[in-house]
Structure formats: C-alpha cells, structure tokens
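Beneath this line is the structure, given in structure tokens, with notes to follow.
FYI, it's all coordinate maths here, none of it is from the lab. Computed from a predicted structure; not experimentally measured. Ideal geometry is used to build each Cβ from the backbone, glycine not excepted, and the neighbour counts take in all protein chains shown.
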Amino acid sequence: MTDRREDGTSKDGRVARGEITRERVLDAAERCFAERGFDAISIRQIAREADVTLGVVGFHGGTKQELFLTVLKRRVETLNALRISRLSALKATERLTLETLIDAYVTPYLEIASRGDPQWRAYAQLVARIVSDERYYLEAGPLYDRVAAVYLDEMERLCPDAGRDQLAALLSLTVASMVSIVASGIRIAGLAQSEVPDSPLAYRDLLLDFCVGGVLRALEPKC
C-alpha cells in the first residue's frame, strides 16, 4: 500500500519527481560541460540551465567534480553493457578476430551517437573535449578502463607475440579515431565541400577500415 501524507501526495510520487529532477540536473550539466568545458562552467550556470536552485543541484549532484563524474558514469554504463554484450556474442559464435573485436568496441559508440538524442550528442561532444586531457584520467579513466581491459585481454589472446603496451597504444589510437569521427562531421563536410552526413554511422566502414588496417599493419608479423 502506498504511503500518503495528509496533503494526499504519495511517497512514490515524491521519489518519481525526485528522479525526474535529478535527470534534468544531469542533462543540464551534460550540455553545459559539453558546450563550454569543465573549467568554464559553474554550478550556478548549471542550476540556471536546469531551472532549479543551487541547493537542488548540490543535492542531486554534489560538488562540480562529483557531478561531472556522474554525468560521465551514466553514459559509460550503457556503453560498457553494449560492448560486453557484443563481445559475448562474438565469443559464443567463435567469430572473434581483430576485425570483429574492433568493430564490437567502436560500433556501439557510433550507434548511440547516431540516435538523434541531443543528450547523447552532448555526451559525444563532451568526450571529444576531455579525451586528450590527462587531468581527467585518474578519476574518469576507471569508468572506461574496466571494459577496455577486457578487450585488451582478447587482443593479447589473438596476438600473443605482441606486447601489452603496444596493444594498449593501438586500442587508444582506435578510441581517439572513434571519438574524432563523431565530433568532426562538420569539419569533414567542410573540407570535402559536401553535405554533413545524417549520422556518425555513415563513417562506420571507413573508420573500421582505417583502424583495423592500422592495427594489423602495426602488428605485422606478430599477429
């Protein structure tokens, strides 16, 4: 039975409204961080974007650093689940190669960036901002590295003569290319004097050819 107060509101209703407010705060923070970067944004600006008070931002997000990590974490959890699912499917069908492994890692990111959801696009813009900034690695890195390490283990099994340092560098270069292709659609179209593609998925085959070809060439004759 749902608990009700004297004014007729329910505990479940308050929880639901709290979750909606929390998502609004996180969405606003994600947009602000993506548009201007971590350093240029204040909690006050995030509160204004979310149309809530400073106290509400603090309640749902904590400090600016904590809020930043929460914004990243909710997206990374989705990405990690998709990548693990694809890897499991590959191993179950015994179709695991370097080509299919790289595809399983990069394609989920392209797919979610192509959904048309402005918040996922904001996340992609945010990742493009921070991927080359080492300041964020100590705290944000572990969010990504758990699953990246699983993929790296599979790369080692496929290429036992290659060093883990070399494989880690190649995976990092692949990630940098993946992030860049999502964030660079307008620039590519400008250089080519062509229309901007409807979604980053339009670059999937090109990205895979680039990354797989580079990895295989770098590993010759070890793999």
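Measuring from each cysteine beta-carbon in the chain, the ones with no other cysteine beta-carbon under 4.7 angstrom are 32, 211. I want to verify a result. In a Gaussian network model of the chain, Cα cutoff 10 Å, which of these has the top mean-square fluctuation: 79, 90, 138? Residue with maximal mean-square fluctuation among 79, 90, 138: 138. Relative to the dominant Cα principal axis of the chain, helix 204-219 is inclined by about 50°.
Relative contact order for the chain: what percent, with Cα pairs under 8 Å and sequence separation of 6 or more? In percent, rounded to a whole number, it is 20. Rounded to the nearest 500, the helix-only mean residue ellipticity at 222 nm of the chain stands at -25000 deg cm²/dmol, with each DSSP H run of n ≥ 4 adding -39,500 (n - 2.57). Tabulate in residue order the Karplus-calculated ³J(HN,Hα) for region 108-123, using 6.51 cos²θ - 1.76 cosθ + 1.60 with θ = phi - 60°, rounded to whole Hz; enter x for Gly and Pro. Once θ is set to phi - 60°, the couplings for region 108-123 become x, 5, 5, 5, 6, 6, 9, 6, x, 6, x, 6, 5, 5, 5, 4 Hz.
Of the residues 139, 111, 154, the one that moves most in a GNM of the chain with alpha-carbon contacts below 10 Å is 139. Pairs of lysine residues in the chain that meet both criteria, 8 or more places apart or on different chains and Cα atoms under 28 Å apart, total 4.
For a protection proxy built on the mean count of beta-carbon atoms within 10 angstrom, sort 143-153, 190-200, 120-130 highest first, please.
Working: 143-153: 15.3, 190-200: 11.5, 120-130: 20.4.
Descending packing order for the listed peptides: 120-130, 143-153, 190-200.
Among the listed values (1) 26; (2) 35; (3) 30, the one matching percent of Cα pairs over 30 Å apart as calculated from this structure is (2). Summarising the label geometry, the points placed 7 Å from Cα in the beta-carbon direction at residue 74 and residue 156 lie 3.5 nm from one another.
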